[in-house]
Amino acid sequence: MEIIAQYGSVFLIMACLFGFFMAWGIGANDVANAMGTSVGSRALTIKQAILIAMVFEFLGAYLAGGEVTSTIRKGIIDAEVMADNPELMVYGMMSALLAAGTWLLIASIKGWPVSTTHSIVGAIVGFASVGISMEAIHWGKVGSIVASWVVSPVLAGTMSFALFMSVKKLILDTDDPFNRAKKFIPIYMWMVGFMISMVTLLKGLKHVGLEFDLGLGSKFANALPISVVVGLLVAGFGAMLLKNIKDDHDEENRFGNVERVFAILMVFTACSMAFAHGSNDVANAVGPLAAISSTVQSGGEIAAKSAMPWWILLVGAAGIVVGLATYGWRVITTVGRKITELTPSRGFAAELGAAATVVLASATGLPISTTHTLVGAVLGVGFARGIAALNLRVIGTIFMSWIITLPAGAGLAILFFFLFKGIFSP
C-alpha cells in the first residue's frame, strides 16, 4: 500500500504511456483486419483506407469501446491473490502493456498480422504465472483462447469459401454477369447490412449504455429483428445505386463493371468492420490501463471491474489512430496483397465471411481473434481458386508468427515485471 501511495502518480503516467504504446500497436498491426481486403482488391487506395479507418476506428473505440470493462482482461487472473500486494497488480499490468506493445511493434515492422488479444493474454499469463503464482491464473480461460487459434480461421475460411463460390455460380460464371450482378447484389447487400448491424449491436454498443431491449429475452434475439430491418434498408439503398450503373463493358473485360459494383459494396463493409474492430479491440489496451488507474486511485484496492474513465478511452482511441497513420500500411499490404490475389468480389466475400464469424462468435461466446478470422477468410477465398492461388511461403510465416505470439508476450512481460519490481519495491 505504501508503494502505491508513494509512486501513485508515477505509475499513472507510466501506465498512460504504455497504454498509448499498446494502442499504437493495435493501430499499426490489427487494423489491417478491417482494411486489408479493400486495399488488396483495389477498392480503396492505401491512403483512402487509412483515412476511413482513422475515422471509424476512432469512433468505434471512443463511442463504443467500454463504459464498464472487465479490467483484468478476459478474466484470466484471480484478483484476490494480489489483494495484500496491490503493487504487484500494477507492475504486472504495466509489464503486460509494455510487453504486448513491444511484440506488436516487432510484428508490424516485419509485416506479420498477429493477434493483439493473444499478445496481451500471453503477457498477462507470463507475469502472473512466474511473478505471482500458477494458482492466480484461470487456466480454463487460457485453454479456450488457445482453441480459438483453430476455430477462427477455419470458420471464417469456410464461410468465405462458400460465399465466393456462390458469387461465382450466381454471377461470374454466367452468360450475362452484369445483369445477374444487378439482380443478386442487393441480396449480398442485405447480408452486409444484417451482419454489420449484428456486430455493432452485439459487440459495439454494449458499452455506450445503449441497450435495445425488445422484450425478446436474450441480447441476440433482440438484435435480430433490428438487423433484418437495417439489412433491408441497405439493400434498398444499394438497389437504387445499382440502377445508375450502365453496362458499357467490352467483351475483353466482361467483369469490369461487375467488379466496380463489388468495389462500392466493399467501401461500406470496410467502414463497418473498422467501427466494429475499434469498439472491440481497444479493450486490449485500455483494460490493463483501467486496472492500474482504479488500483492507484483507490489507494491499492483491486476491483475485478471498474468504471472506464473517458480519458482512458481517449488514450486508446488516439493510440490506434496514430499507429494506423504511421505504420498501418505494412500489415495491410501483407493481408491484402501477399496471401492471394484479391479482386473486389473476392475481397467482399472475405470481409463478409469474417464479419459473419465475429457475429457467430459473439452470439455463442466463442473466443476468437479478429486477425485469425480475417486471414482465414482470405485463405478461404484464395482456396476457392485452387491451392496454386495461395502464397504458401507467406502463409507459413504468418502461422509461425501466430504460434510465437503467446510465448513472446509472456517472456517479455516476465522480464519487465521483475525490472519494475526491482526499481520500485524496497
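The numbers here are math on the coordinates, done by the rules we state, and not lab data. Bear in mind the structure is a predicted one, so any value in this text is a computation, not a measurement. In this analysis, Cβ positions are derived from the backbone assuming ideal geometry, glycine residues included, and neighbour counts consider all displayed protein chains.
Could you order the peptides 45-57, 226-238 from most to least packed, using the average number of other C-beta atoms within 10 Å per residue?
Ranked from most to least packed, the peptides come out as 45-57, 226-238.
Can you give me the relative contact order of the range 315-426 as a percent, contacts being Cα pairs under 8 Å and 6 or more apart?
27 percent
In what order do His118, His138 fall by count of nearby beta-carbon atoms within 10 Å, going from fewest to most?
Fewest-to-most Cβ neighbours within 10 Å comes out as His138, His118.
How far, in nm, would the chain grow between Asp175 and Leu314 when pulled straight, counting 0.36 nm per residue and subtracting the alpha carbon separation?
Taking Asp175 through Leu314 to full extension adds about 44.8 nm, to one decimal.
Largest first, please: the extent of the C-alpha atoms of the range 81-143 along each principal axis, to the nearest Å.
Reported extents, whole Å, longest axis first: 42, 25, 14.
All other residues with a Cβ under 14 Å from the Cβ of Gly396 taken together, and with Lys, Arg as +1 and Asp, Glu as -1, what is their net charge?
Every neighbour counted, the sum reads +3.
When the chain is fully extended, how far beyond the present Cα-Cα distance does Val10 get from Leu392, taking 0.36 nm per residue of separation?
Working it through step by step, the gained length comes to 132.8 nm.
What Rg and what Dmax come out for the range 307-426 when only alpha-carbon atoms are used, in angstroms?
Computed over the Cα atoms of the range 307-426, radius of gyration and Dmax are 18.7, 62 Å.
How charged is the neighbourhood of Thr334? Take every other residue with its Cβ under 15 Å from the Cβ of Thr334, and add Lys/Arg as +1 and Asp/Glu as -1.
My count for the surroundings of Thr334 gives +3.
Sort the following peptides by mean Cβ neighbour count (other Cβ atoms within 10 Å, averaged over residues), highest first: 376-383, 108-115, 281-288.
Ranking, from highest mean packing down: 281-288, 376-383, 108-115.
Short version: ³J(HN,Hα) in whole Hz for each residue of the range 119-128, in order, from phi by Karplus 6.51 cos²θ - 1.76 cosθ + 1.60 (θ = phi - 60°), x for Gly and Pro, what are they?
4, 6, 5, x, 5, 5, 4, x, 5, 5
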